[in-house]
Each structure stands twice: as C-alpha cells, then as structure tokens.
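Structure, as structure tokens:
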Amino acid sequence: MKYTVITGASSGIGYETTLAFAARGKNLILAARRTEELETLKSKVADINGTLDIVIRSVDLSVSSNVHDFYDSLQNYDIETWINNAGFGNFASVGEQNLYKIESMIHLNIEALTVLSSRYVRDYADVEGTQIINISSGGGYKIIADAVTYCATKFYVSAFTEGLAQELSERGAAMQAKVLAPAATETEFAKRSLNLDSFEYIGAIPKFHTATQMAGFLLDLYDSEKVVGIVDGETYDFELRDPIFKYVARSRNSF
Ligand code: NAP
C-alpha cells in the first residue's frame with residue numbers, strides 16, 4: 001500500500017488537498033496539532049471512500065525534536081508523495097514583530113520543511129513515481145509589506161524546493177520536487193497571521209481563491225512535469241512553470 005503524507009491537513013489548503021487525494025483513491029497520512037479536526041476529516045474521507053487507509057498523526061512540527069520523531073514514526077509506510085503544507089504567516093513590521101511567534105514560524109516554515117524534505121529524499125529519491133510538493137507562496141517570489149519575515153521564509157521554501165528539483169533532475173533521480181505558490185486563499189491563514197478570532201475574506205480581500213480551488217491547482221501541479229505552480233498576483237491565473245530562480249549547475253570536474 002502506498003501513502004500520501006499531508007502536513008497541515010486539519011484546515012484550509014491541506015484539508016481540501018486531503019479530500020482531493022482521497023477522491024483519487026490515495027491512502028493518506030495526515031498531520032497537524034488538532035486531533036479532533038483530523039478525526040473529523042478522517043470520517044469524512046471514510047464516507048467518500050471506505051477502502052482507503054487514513055493514518056493520523058497529532059504533532060506540533062514547530063518543535064524540532066517532534067519533526068524527527070514524526071518522520072521516524074512513518075518508517076513502516078511506503079510513501080509515494082510527501083506534501084509539506086503546514087505553515088503560517090505574520091503581519092507586522094520587522095521591528096514590531098512578536099519574536100516568539102516568529103521563531104515558531106521559522107521552525108515550522110523552514111526547519112521542519114527542510115528536515116522532512118531531506119529525510120524523504122534520502123529514503124525515496126530513487127523510487128519511481130515519488131513526488132515531494134512544498135507549499136510556498138506568491139510571497140516566496142516577491143516581498144510583501146508588513147510580511148517581510150514570512151516572505152523570507154517562503155523565499156527559502158521556493159529556493160530550497162526549486163534547487164532540490166534541479167539537483168534531483170541533474171542526478172537522474174526518479175523523484176520529482178515541486179513548489180506550489182498560492183496567492184490569497186480563503187483559509188484560517190489570515191486569522192492566524194493577524195492574530196484574530198475570525199476573518200471574513202469577502203469584502204476585505206479584493207481577490208482570492210477558495211481552498212478547494214487551490215487543492216485543484218495542487219493536483220494540476222502533481223499531474224504535470226513542471227516544477228512550479230504559481231498564482232499570478234494580479235490576474236489570479238494559475239500557471240505551471242519551469243524553475244524561476246537561476247540555478248548554477250556544479251561542474252563535477254571542477255572539485
Ligand atoms: P490554515 O488554514 O491556517 O492551515 C494551516 C495548517 O497548518 C493547519 O492544518 C494547521 O493545523 C497546520 N499547522 C499550523 N501550525 C502547525 C504546527 N506547529 N505543527 C503542525 N501543523 C501546524 O492556512 P492555509 O492557508 O491552508 O496554509 C497552508 C499553507 O499555505 C501554509 O504553508 C501557508 O503559508 C500557505 N499559503 C497560504 C496562503 C493563503 O492566503 N491562505 C497564501 C500563500 C501560501 P493545526 O493548527 O491543527 O496544527
């Protein structure tokens with residue numbers, strides 16, 4: 001049995017991506033902190049397709065030691081696709097940002113994603129049909145006012161994942177690495193980034209996608225041979241593209 005791992009599956013893009021992969025008949029390993037939301041999602045998937053195996057892991061991935069334990073706990077599963085989606089943002093100027101929140105954001109958006117990607121690549125790079133999809137942002141390709149540190153974490157995600165894709169392709173590995181860069185999407189993201197109890201997208205944000213639309217774009221990226229799936233911040237069109245950052249191939253003879 002093969003499995004798709006989705007981190008941050010308890011709400012938003014991860015939740016809808018779970019339903020989209022379930023509709024494709026994929027067995028799933030779902031991770032997030034909120035167990036109840038994951039259990040509810042598991043029941044919803046069971047209603048759609050009772051033959052699927054759905055594994056739940058309640059874990060805080062902003063705690064470094066949990067990240068390795070989480071990966072270790074999956075040693076007995078054959079993982080076909082790994083989606084690093086868990087992440088959050090913050091809106092504040094650099095001098096005024098809450099450093100407790102920022103440190104946690106860096107642990108989750110950068111550190112956990114790097115450790116999980118590296119371990120998955122180490123174990124599965126040569127397995128045919130494997131993919132790793134990391135969720136960046138439009139803010140991973142341009143800097144947005146009052147979200148400088150969040151954007152910097154997502155520049156990291158974009159650069160790391162594009163670089164990984166080039167590295168895998170250079171060495172003829174079977175695994176494909178891809179990066180999804182959503183623009184505004186209706187999820188719990190705004191509420192968490194702004195430290196609000198609730199947030200209404202309609203009326204506050206001129207354009208946005210629904211999480212269901214974004215999960216559809218993620219599937220388009222999954223089905224394609226392209227490395228980047230990015231939403232144009234002006235038109236809100238979704239585009240599948242080759243890597244955007246310049247990559248300097250290492251000459252193997254020069255070392
Ligand atoms: P969301 O609804 O807030 O979902 C975030 C998910 O991450 C939740 O399932 C949350 O679950 C999980 N998560 C948060 N902290 C965690 C932690 N410490 N450990 C484990 N899981 C954790 O927001 P979303 O928009 O779907 O976000 C998904 C990804 O899209 C993020 O990487 C975000 O940066 C990116 N993105 C979003 C937008 C947007 O406008 N929505 C735009 C560009 C990029 P628990 O709280 O249960 O742990």
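Key figures for this structure:
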{"quantity": "Pick from the stretch 6-28, criterion near the ligand (Cβ under 8 Å from one of its atoms) and in contact with an Asp or Glu (Cβ under 9 Å, 6 or more places away or on another chain), ranking: farthest from Tyr71 (Cα to Cα)", "calculated": "Gly12"}
{"quantity": "Tabulated pairs, the stretch 102-122, first open to solvent by 50 Å² or more (accessible area, probe 1.4 Å), second at pLDDT 95 or above, C-beta under 7 angstrom, 6+ apart or interchain", "calculated": "Ile106/Thr153; His107/Ser62; His107/Ser64; Glu111/Ser64; Arg119/Tyr71"}
{"quantity": "Selected residue (criterion: most open to solvent (accessible area, probe 1.4 Å)) from residues of the stretch 210-244 that are more than 23 Å from Glu200 (Cα to Cα) and without any contact (Cβ under 8 Å) to a residue 12 or more places away in the chain", "calculated": "Asp223"}
{"quantity": "Residue tally, condition of a type in the set (Ser, Thr, Tyr), within 25 Å of Glu188 (Cβ to Cβ) and open to solvent by 40 Å² or more (accessible area, probe 1.4 Å), over the stretch 60-89", "calculated": "1"}
{"quantity": "Residue list for the stretch 35-63, restricted to those being among the basic types (Lys, Arg) and closer than 29 Å to Ile102 by Cβ", "calculated": "Arg57"}
{"quantity": "Filter result for the condition that a residue is modelled with pLDDT under 95 and touching a helix residue (DSSP H, G or I) at 6+ places or on another chain (Cβ under 7 Å), over Ile13, Ile48, Ile56, Ile6", "calculated": "Ile48"}
{"quantity": "Residues being part of a loop (DSSP other than H, G, I, E, B), touching a helix residue (DSSP H, G or I) at 6+ places or on another chain (Cβ under 7 Å) and more than 12 Å from the ligand (Cβ to nearest atom) - total across the stretch 206-233", "calculated": "1"}
{"quantity": "From the options Asp72, Asp60, Asp53, residue that is within 15 Å of the ligand (Cβ to nearest atom) and farther than 22 Å from Gly140 by Cα", "calculated": "Asp60"}
{"quantity": "Hits in the stretch 224-242 (condition: more than 17 Å from Leu164 (Cα to Cα) and of a type outside the set (Gly, Ala, Ser))", "calculated": "Ile230, Val231, Asp232, Glu234, Thr235, Tyr236, Asp237, Phe238, Glu239, Leu240"}
{"quantity": "Options Glu200, Glu188: the member that is modelled with pLDDT of 95 or more, within 16 Å of the ligand (Cβ to nearest atom) and open to solvent by less than 70 Å² (accessible area, probe 1.4 Å)", "calculated": "Glu188"}
{"quantity": "Residue list for the stretch 143-155, restricted to those being within 12 Å of the ligand (Cβ to nearest atom) and either within 16 Å of Ala86 (Cα to Cα) or not β-branched (Val, Ile, Thr) (or both)", "calculated": "Ala147, Tyr150, Cys151, Thr153, Lys154"}
{"quantity": "Single residue of the stretch 21-52 satisfying the filter (among the small types (Gly, Ala, Ser) and more than 19 Å from Met1 (Cβ to Cβ)) that is surrounded by the most Cβ atoms within 10 Å (Cβ to Cβ)", "calculated": "Ala32"}
{"quantity": "Any hit, the stretch 156-170, residues being open to solvent by 60 Å² or more (accessible area, probe 1.4 Å), part of a loop (DSSP other than H, G, I, E, B) and closer than 16 Å to Gly89 by Cα", "calculated": "no"}
{"quantity": "Test: residue in the stretch 182-189 that is closer than 30 Å to Arg250 by Cβ and part of a helix (DSSP H, G or I)", "calculated": "no"}
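Rundown of residues vs (1) within 14 Å of the ligand (Cβ to nearest atom); (2) touching a Pro at 6+ places or on another chain (Cβ under 9 Å), yes/no style:
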| residue | (1), (2) |
| --- | --- |
| Ile133 | yes, no |
| Ser136 | yes, yes |
| Glu162 | no, yes |
| Ala165 | no, yes |
| Arg171 | no, no |
| Leu196 | yes, no |
| Ala204 | yes, no |
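The values are calculated or read from the model by the stated rules, or taken from the named source; none is laboratory data. Just so it is clear, the structure is predicted and the values come from calculations on it, not from any experiment. Positions of Cβ are backbone-derived with ideal geometry, glycine not excepted, and every protein chain shown enters the neighbour counts. Keep in mind that these areas ignore ligands, DNA and RNA; they rest on the heavy atoms of the full protein, side chains included. Shrake-Rupley method; radii C 1.70, N 1.55, O 1.52, S 1.80 Å.
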